[in-house]
Amino acid sequence: MKALILIFSGAIVLLFAGLGKNERKLLPLVWLTLFLALAMNGLEYFGWELPWEQQWSSMLQFNKFSLAFNFLLILLALLGSMLFVPRLEDKGADVFALMLFSLCGGMLMTSFTSFFMLFLGLEIMSIPLYVLAGSRKEDLRSNEAALKYYLMGSFATGILLFGVAMVYGTTGSFDIYEIGLRYTGATMLTGMSPMAKIGILMVMFGLLFKIAAAPFHFWAPDVYTGSPGRVTAFMATVVKTAGVVAMFRLFAISFGIADNFWGPTLAILAALTMFVGNLSALRQDSFKRMLAYSSVAHAGYLLLAILVHNQNSGKALLLYMTGYGLAALSAFALIHKVSREQGREDVSAFDGWAKRYPVESFALLISLLSMTGIPGTAGFAGKYFLFSSAFEGYTWLIIFALVLSAVSVAYYFRVIIAMYFRDSGNDASSVEGSAMSVRLALIICTALNIAAGIAPWFILERI
Amino acid sequence: MNQSALFLIILLAPLAGFVLNGLFGKKLHALAGWIGSGAVLMSFICSLFLFQRIAADSTPLLFKLFQWLNVGNFQIDLSFQADRLSSVMLLVVTGVGFLIHVYSIAYMHHDEGFYKFFAYLNLFIFSMLLLVLGSNFVVMFFGWEGVGLCSYLLIGFWFNNEAYGKAARKAFVMNRIGDLGLLIGLFLIYFQFGTFEYSQVFEKVETGAYRPEILTAICLSLFIGATGKSAQIPLFTWLPDAMAGPTPVSALIHAATMVTAGIYMVVRCNVLFNYSPITRDVILYTGLLTSVVAALIGLKQNDIKKVLAYSTVSQLGLMFVALGCGAYSAALFHVVTHAFFKALLFLGSGSVIHALHGEQDIRNMGGLKKQLPITYWTFLIGTLAITGFPLFSGFFSKDEILLSLYDRSHWLYPIGLGSAFITAFYMFRLLFVTFHGKFRGAEEQQAHMHESPALMSVPLIILAVLSILGGLINLPHYTGNIAQGLHHWLSPVLADQPEHHHGFSTEMMFAALAVAGMLLALFLTRKKYLSDAVVPEADAEMTGMGKLIGQKFLIDEAYDAGFVQTTEHLSDGLHTWSDKKIIDGLVQQSGKLTGLMGGLVSKVQSGNIEWYLLLMVLAMAAILGVNLFI
């Protein structure tokens, strides 16, 4: 709660402090806000509570689960703000302020106990994003991305709201625990009414849209490719995490009892998502678009956690999101770097990178290995625990997921091969060092990724 | 300082050195060497503190960093243990390691990869510490693989030379074969005992909770691992080739520390080996054979480092003889003294090579005594120590081994004695040909010849002192109540130890026999190489038995014809038949199929928003329909 308030106030201060100023000058303020929020969140995790905080207990719940995920969200936002240095001509504080507002929305989505808060969080998170996607005003693709995201996003919101109404209609409550209890009674006695079924499925559709799972993923490749780099990174990490966690909370607490109803549907959609994501990524030449599809594929793996929705899969989810978030952040940051330098984002832009940028290349290497799920990285640990938690109930799905992970080697390694085994036409003189903050953030991402891969228990035991 | 901090500093200091030098070494220039050495010194100092604690109380100190893996019943901890055995190894690794680091600062001074060299050396020390400090087989295995990797990197350090790269690969492959044995051993241990922790495994063996044939299989597999790392027959041929690496590497890794890992492992598992007499016999005969064969080959080598390399193989053979006789403390005693004098000899040879700008052939040396006095005197001390000159460290440790060999079998004793005699022969040959007589190299070399700088000579002097005094740690029985220090020190970790009961005169007689052999070798070589000034013949001029020995008994050639060629033919055949036709076909077809599907899937992504919305609505309708009506 304290972190949430801090970030919110920070965003408002930024709006006023930064009128017309160059974005770069505001960066330290953003970092400070996020860093303090991170610290507060940490203290809260270890038990620091103020007396007035009890009052929100019927709407929000800050327990170890939500605080651990909030910590991850703030960390990802902080590293993201370090990895993307604004260009000189970028003016105005609105971009940062909007990102912080969006982060606040994300934090509500990890800690809601009422449908009100879920919806509020979702919208607080999404509306700034529609603007952010179009924040590069002179870029046509950015404009297109914003419009597409907005149109389809509002469509999805409508579906979700429709679902919420149906759920309220069958249970008479917005409280997620209360709904869980009502469903227990209802399913025990009579089986589920069509209205309850439609409600659950509609809510599912709305949330699947937010995490870009098939067949509601169509927006993702286009929007990810068109949006400015930092917004894409933010969407792929913070927004995705918040979406998955919200879905996990809701489906574990409210709809958990009815999982033999929605389980098969979600399992098939998960398989579809992995299939579409991985196979489309195979065909891309643009690295950014490839990562967009890979992000869809990862959403498919993440749905496994929701299918199982128990303590272990929640832990695995935290680990997986940590690994994926850290890896995706550095990967998107380096795409940003390469596109700024060479004006293109395709895989061949990375030819011979390892010689020119050893540190950056190593960071990208670890990220890609982690996304592939090579042992020693957080990505492997995450996949391992996620898959093993779901193995008993959904053996076929896990085998399918493993096959598709093997396919993913093909596209992730294309970049590694380009970096380490190809020669670039350019000579070494065109090396343009990264800024200090970028380098530091890359090192942190890489180190955390490896550390979490070697000692995953430090993360798993946080919930 | 508390115990965990000591453990952490010992382990992390070299790791930090590796990271620092690896990341920023290029910018640190000469500082890289000092950072590398400082890191090891820090480990050494903390090892001394740890040693002091263990001296006061013999119960092992345990340190659990964290639980590493926990899957069902399968648990592996990243935990460490310091007891009487590992503390001795700790001091040797960090102490000798530190001296060699300092030496390398001067030796590698001009090398381009200066910082890389120290990064690798630090990584090596770290891996070696993992190996000796681990409290279970898995941590040991990680260290074991780590030192193998570093050895590979350092043998091929000058990778621009193709032959060096090949030598590195050979070492790596040979070690891999051994490692496979070790790995099988580890799996069997887990299969039989259900745990990897030393203490639990040993406890179960002592209570008899095992099947004897499996225990023998375990011991044999572990020993195969040891033959790889410690260069014993049949896996010894990599060590002489490993001399391609920089000389400090030969001293540290291929003489003083890594190659003794096999001996450490057997001593650590002495409980297991005690219950498998067959394996102990295998060890004994393998060690004895290696010791004699390698010593014979050493007789005809003309490369200063190769002579020392074969001598190392031969000495390691002797240590295995001791292990085979169950005289674990004697083996460890020889590990320690050997670390002193062999490191000294290698560093001395490095000093010679340094002075002669890369010359390694002893036929082009001679008379170096005058120009390189410090190198000469320290090399002389090293030679006297290894040949077993009375009161030098080698004298005590070798006698200890020969004595236990005599206890084991009166018939094998002469063979061991013979090996020691040959050792004395080739070592004095090396000494005389290199340092005495007239200089046989180019004029130019003589003009530029110079004694090595202080950074190199001081470690030489310290090691020389240690080579003289090293015997004090385990004096023979006849010295009374100060005798057998190391033996008593190790008694808490050694299960049961044969005590030899010989009278004063018997022990004296054995010592006299060994000394007599040594002196005989001294006089023979002195006459041949000093008085008659014979220069060893080139490989091409050798005849008869000498030729066979000079060609290293054709063992390399036999391996090449037997294994390498056969494998190549087999793999060629498989490549053309199964790989190209079956596997490639399958892979290509499945690749095509995946690509095709990928194409279909991405066709859907047209960029048209109405199309997307339509698809989404259709999908929702389909899902709802299926769920509601079916």
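Quick look at the numbers
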{"item": "Hits in region B:104-119 - residues which are of a type outside the set (Gly, Ala, Ser) and surrounded by fewer than 24 Cβ atoms within 10 Å (Cβ to Cβ)", "result": "B:ILE105, B:MET108, B:HIS109, B:HIS110, B:ASP111, B:GLU112, B:PHE114, B:LYS116"}
{"item": "Residue within region B:427-445 that is part of a helix (DSSP H, G or I) and small (Gly, Ala, Ser) present", "result": "no"}
{"item": "Residue in region A:134-142 that is within 14 Å of chain B (Cβ to nearest Cβ) and among the charged types (D, E, K, R) present", "result": "yes"}
{"item": "Search result, residues across region A:246-259 that are of a type outside the set (Lys, Arg) and away from every other protein chain (no Cβ under 12 Å)", "result": "A:ALA246, A:MET247, A:PHE248, A:LEU250, A:PHE251, A:ALA252, A:ILE253, A:SER254, A:PHE255, A:GLY256, A:ILE257, A:ASP259"}
{"item": "Test: residue in region B:68-77 that is touching a Ser or Thr at 6+ places or on another chain (Cβ under 6 Å), modelled with pLDDT under 90 and within 14 Å of another protein chain (Cβ to nearest Cβ)", "result": "no"}
{"item": "Test: residue in region B:270-286 that is closer than 30 Å to B:LEU380 by Cβ and either of a type outside the set (Asp, Glu) or assigned to a helix (DSSP H, G or I) (or both)", "result": "no"}
{"item": "Criterion violated by B:SER571 - all others in (1) assigned to a helix (DSSP H, G or I); (2) modelled with pLDDT under 75; (3) over 30 Å from A:ALA406 (Cβ atoms) satisfied", "result": "(3)"}
{"item": "Residues located in region B:588-614, provided they are farther than 20 Å from A:PRO221 by Cβ and of a type in the set (Lys, Arg)", "result": "B:LYS592"}
{"item": "Test: residue in region B:85-103 that is surrounded by 16 or more Cβ atoms within 10 Å (Cβ to Cβ), among the hydrophobic types (A, V, I, L, M, F, W, C), in contact (Cβ under 8 Å) with a residue 12 or more places away in the chain and within 14 Å of another protein chain (Cβ to nearest Cβ)", "result": "no"}
{"item": "Among (1) crowded, with 24+ Cβ neighbours inside 10 Å; (2) within 13 Å of another protein chain (Cβ to nearest Cβ); (3) within 27 Å of A:ALA451 (Cβ to Cβ) - the single one A:VAL296 does not satisfy", "result": "(3)"}
{"item": "Among the residues listed as B:LEU391, B:LEU402, B:LEU460, B:LEU469, the single one being under 25 Å from the mean Cα position of the chain (by Cα) and surrounded by fewer than 22 Cβ atoms within 10 Å (Cβ to Cβ)", "result": "B:LEU469"}
{"item": "Considering residues of region A:275-287 that are more than 16 Å from the chain's Cα centre (by Cα) and part of a helix (DSSP H, G or I) only, the residue farthest from the other protein chains (Cβ to nearest Cβ)", "result": "A:PHE287"}
{"item": "Some residue of region A:122-132 being part of a loop (DSSP other than H, G, I, E, B) and either surrounded by 21 or more Cβ atoms within 10 Å (Cβ to Cβ) or out of contact with any helix residue (DSSP H, G or I) (no Cβ under 9 Å at 6 or more places or on another chain) (or both)", "result": "no"}
{"item": "Matching residues, region A:323-367, being aliphatic (A, V, I, L, M), under 20 Å from A:GLN284 (Cα atoms) and modelled with pLDDT of 90 or more", "result": "A:ALA327, A:ALA328, A:LEU329, A:ALA331, A:ALA333, A:LEU334, A:ILE335, A:LEU364, A:LEU365"}
{"item": "Number of the condition not met by A:GLU432 [criteria: (1) surrounded by fewer than 16 Cβ atoms within 10 Å (Cβ to Cβ); (2) outside any loop (DSSP other than H, G, I, E, B)]", "result": "(2)"}
{"item": "Any hit, region A:186-197, residues being in contact (Cβ under 8 Å) with a residue 24 or more places away in the chain, touching a Leu at 6+ places or on another chain (Cβ under 8 Å) and within 11 Å of chain B (Cβ to nearest Cβ)", "result": "yes"}
{"item": "Pair list, Cβ under 7 Å, 6 or more apart: region B:601-630 residue facing chain A (nearest Cβ under 8 Å) and on the phi > 0 side of the Ramachandran plot, other residue surrounded by 14 or more Cβ atoms within 10 Å (Cβ to Cβ) and assigned to a helix (DSSP H, G or I)", "result": "B:GLY607/A:ASP222"}
{"item": "Members of region B:125-178 that are in a helix (DSSP H, G or I), over 24 Å from B:PRO240 (Cβ atoms) and of a type in the set (Gly, Ala, Ser)", "result": "B:GLY143"}
{"item": "Residue within region B:329-339 that is among the aliphatic types (A, V, I, L, M) and surrounded by fewer than 23 Cβ atoms within 10 Å (Cβ to Cβ) present", "result": "no"}
{"item": "Counted residues, region B:367-388 - those being in a helix (DSSP H, G or I) and surrounded by fewer than 24 Cβ atoms within 10 Å (Cβ to Cβ)", "result": "5"}
{"item": "B:VAL535 within 14 Å of chain A (Cβ to nearest Cβ) and at pLDDT below 80", "result": "no"}
{"item": "Members of region B:278-313 that are of a type in the set (Phe, Trp, Tyr) and over 17 Å from the mean Cα position of the chain (by Cα)", "result": "B:TYR285"}
{"item": "Residue satisfying all of: in region A:211-245; within 13 Å of chain B (Cβ to nearest Cβ) and in a helix (DSSP H, G or I); surrounded by the fewest Cβ atoms within 10 Å (Cβ to Cβ) among these", "result": "A:THR225"}
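The values are calculated or read from the model by the stated rules, or taken from the named source; none is laboratory data. What you are looking at is a predicted structure, and each value in this text was computed from that prediction instead of being measured. Note that each Cβ is placed from the backbone with ideal geometry, even for glycine, and that neighbours are counted across all protein chains shown.
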